[in-house]
Amino acid sequence: MAEWPVGAWPVGAWPVGDWQVGDWPVGGWPTRERVSVAAGERGSMTLVAVGLMSALVVFSLVATGFAGLVAMQHRAAAAADLAALAAAEAPGRGCAVATEVAADNGASLSSCEVTGAVVTLEVRLRAEAPFGFRPTIRSRARAGPAGLGETASMPMS
């Protein structure tokens with residue numbers, strides 16, 4: 001191994017650890033001018049970056065579409081619940097009231113059954129999904145007075 005002359009390294013720049021003089025590359029560290037890149041490889045990382053960004057955009061669009069469908073499912077469930085509660089509060093004209101309430105919430109009533117004071121209904125909602133996909137979301141709800149033929153029990157602690 002060659003010896004470094006005294007003072008060859010500036011103060012504080014001496015190699016740290018187990019480095020020896022012979023461990024340093026001959027001719028110095030590689031620089032942009034000294035590294036040769038094959039002509040076919042130039043710009044290949046640009047294509048990789050564009051591909052990754054495209055995949056990220058597609059994933060974001062798909063995730064946004066699914067989130068919109070979940071929101072529409074919750075909207076349909078809320079419309080069904082509100083229509084069932086309104087129908088249960090209007091004896092004798094429950095299904096007519098349920099139709100109005102469902103329409104006010106952007107849904108349409110597909111079935112309505114009144115058994116005594118209990119109303120069971122189903123609503124449909126046309127979802128606005130991306131790429132022209134328009135699924136129909138259905139939701140069922142049941143409402144009636146509490147304690148009708150059932151006893152409510154709560155565990156006491």
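The values are calculated or read from the model by the stated rules, or taken from the named source; none is laboratory data. Predicted model, so just to flag it, every value in this text is computed and none were measured. Note that we place each Cβ from the backbone using ideal geometry, even for glycine, and neighbour counts take in every protein chain shown.
Values as computed for the structure displayed
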{"quantity": "Subset of segment 105-132 [of a type in the set (A, V, I, L, M, F, W, C) and touching a residue at least 40 places away in the same chain (Cβ under 8 Å)]", "calculated": "L121, V123, L125, A127, A129, F131"}
{"quantity": "Top-ranked residue of segment 40-74 - restricted to ones that are under 9 Å from the mean Cα position of the chain (by Cα) and β-branched (V, I, T), ranked as farthest from S139 (Cα to Cα)", "calculated": "V62"}
{"quantity": "Residue among S54, S44 that is over 30 Å from T115 (Cβ atoms) and at pLDDT 90 or above", "calculated": "S54"}
{"quantity": "The one condition in (1) at pLDDT below 90; (2) within 25 Å of the chain's Cα centre (by Cα) that E150 fails to fulfil", "calculated": "(2)"}
{"quantity": "Residues that are under 18 Å from I137 (Cα atoms) and of a type in the set (A, V, I, L, M, F, W, C), drawn from segment 75-91", "calculated": "A76, A77, A78, A79, A80, L82, A83, A84"}
{"quantity": "Test set (1) modelled with pLDDT of 90 or more; (2) closer than 25 Å to V62 by Cβ - F133 fails condition number", "calculated": "(1)"}
